[in-house]
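Report on one structure; see the data block that follows.
The values are calculated or read from the model by the stated rules, or taken from the named source; none is laboratory data. Everything numeric here is computed off the predicted structure, so don't read it as measured data. Positions of Cβ are backbone-derived with ideal geometry, glycine not excepted, and every protein chain shown enters the neighbour counts. Surface areas here come from the heavy atoms of the whole protein model, side chains and all, with no ligands, DNA or RNA. Shrake-Rupley method; radii C 1.70, N 1.55, O 1.52, S 1.80 Å.
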Amino acid sequence: MSERADGTRSPRTLAAVSAVLTGTMALYIALVAFGNITDFGTNQQFVRHVLAMDTTFKDDDLMWRAITSTALQDAAYIAIIAWETLAALVLLAATAMWCASLRAGGGGIRRARRAGTVGLLMLMLLFGAGFIAIGGEWFSMWQSKSWNGLDAATRVFLLSGIVLLLTHLPSASAERAEPGAEG
């Protein structure tokens, strides 16, 4: 990353990095949503098994948490797909905003950063709160040898967090002078 004499980074360089990384996450979640829509049954089975807790240790102290209604399982799966699709759209819009800020010489960075932040936090909520916390702990997904998505969820959660941190690196004072910028 190019650094200026005053120790700040070039807003154009950061915008380019942010555009590429946000676009990468947008592509990833768009492909996930597309796959879940066009091959509905594969991950539907995954969600059903996790919620039913039928491949866990079947500890009586935990099994009361299981959701065995296929209607509720499918509703949860459809909600996941809707969230993935919305996150993909937000991240695609953020990517376009980052690209527009590059063409505008740095104008619009704050708007792009805000949109990217929303989309990345949507991914972190889905994969962190949804899959790691609720799926992994509440429904004891970690106990399953065949229906355990914790590694994949952790990977996406961490990648989203890294992209979020990089898009919030401080840049040169030109960004702070952008119209509508806070103090």
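Here Lys58 clears all of (1) without any contact (Cβ under 8 Å) to a residue 40 or more places away in the chain; (2) on the phi < 0 side of the Ramachandran plot except the condition numbered (2).
Remark: Ser146 matches the filter, which requires a residue to be loosely packed, with under 13 Cβ neighbours inside 10 Å, modelled with pLDDT of 95 or more, over 22 Å from the mean Cα position of the chain (by Cα) and among the polar types (S, T, N, Q). Condition first: touching an Asp or Glu at 6+ places or on another chain (Cβ under 8 Å) and farther than 23 Å from Leu150 by Cα. Can you find one or more residues in the stretch 88-106 that meet it? Looking for residues that are touching an Asp or Glu at 6+ places or on another chain (Cβ under 8 Å) and farther than 23 Å from Leu150 by Cα, one finds at least one in the stretch 88-106, hence yes. Only a single criterion out of (1) within 17 Å of Val156 (Cβ to Cβ); (2) among the small types (Gly, Ala, Ser); (3) open to solvent by 50 Å² or more (accessible area, probe 1.4 Å) is not satisfied by Ala82, namely (1).
With respect to Arg65, determine if the residue is within 23 Å of the chain's Cα centre (by Cα) and of a type in the set (Lys, Arg). Spelling it out, it is not the case that Arg65 is within 23 Å of the chain's Cα centre (by Cα) and of a type in the set (Lys, Arg).
Scanning the stretch 127-160 for residues that are among the small types (Gly, Ala, Ser), closer than 28 Å to Leu14 by Cβ and touching a residue at least 40 places away in the same chain (Cβ under 8 Å) returns a single hit, Ser160.
Does the stretch 85-106 contain at least one residue that is more than 16 Å from Ala52 (Cα to Cα), touching a Lys or Arg at 6+ places or on another chain (Cβ under 8 Å) and outside any helix (DSSP H, G or I)? Within the stretch 85-106, one or more residues are more than 16 Å from Ala52 (Cα to Cα), touching a Lys or Arg at 6+ places or on another chain (Cβ under 8 Å) and outside any helix (DSSP H, G or I). Counting only residues that are over 30 Å from Gln45 (Cβ atoms), in contact with a helix residue (DSSP H, G or I) (Cβ under 6 Å, 6 or more places away or on another chain) and without any contact (Cβ under 8 Å) to a residue 60 or more places away in the chain, the stretch 67-107 holds 2 of them. Condition check for Ser140 on (1) among the small types (Gly, Ala, Ser); (2) out of contact with any helix residue (DSSP H, G or I) (no Cβ under 7 Å at 6 or more places or on another chain); (3) open to solvent by less than 10 Å² (accessible area, probe 1.4 Å); (4) more than 25 Å from Val47 (Cα to Cα): one failure, at (4).
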